[in-house]
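Only the coordinates and a few stated rules stand behind these numbers; no lab work does. In this text, all values refer to a predicted model and were calculated from it rather than measured experimentally. Counting neighbours? That spans all protein chains shown, and the Cβs are built from the backbone with ideal geometry, glycine included.
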Amino acid sequence: MAKKKKRKKMEFSKFAFLFTAILFGIVIIGSFILMWYTQTTEALGYLITATAGLTTTATGFYYWKAKMENVIKISKKNGLSINEVKGIANSETFEDVSHSEDM
């Protein structure tokens, strides 16, 4: 008897990102078809900008979530607190500790 492979459930953030990206592609293609058929560019002002806003929001959320997951992973790996890792990631300057002043 063949074993059934368990299908891993997709995360909501990844689903939202993929859904909005596919929706944006469909709207772009549909807008081009509509503009060719009607010979006007009114679709550019409404459909594309509305869907682009949704897509950029979903993309920003997805990357923010991935950043936070990486911060947690790095903090566990190096034994640091999450605030220490955030402080290092958000600091303006990074000191190069490989060079000493005693040269």
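Given R₀ = 25 Å, FRET efficiency for residue 64-residue 88 by Cβ-Cβ distance, to 0.05?
Details: r = 18 Å, r/R0 = 0.70.
About 0.90, to the nearest 0.05.
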Self-check item: Cα gyration tensor, region 12-90 - rounded (a/c under 1.5), prolate or oblate
Solution: prolate
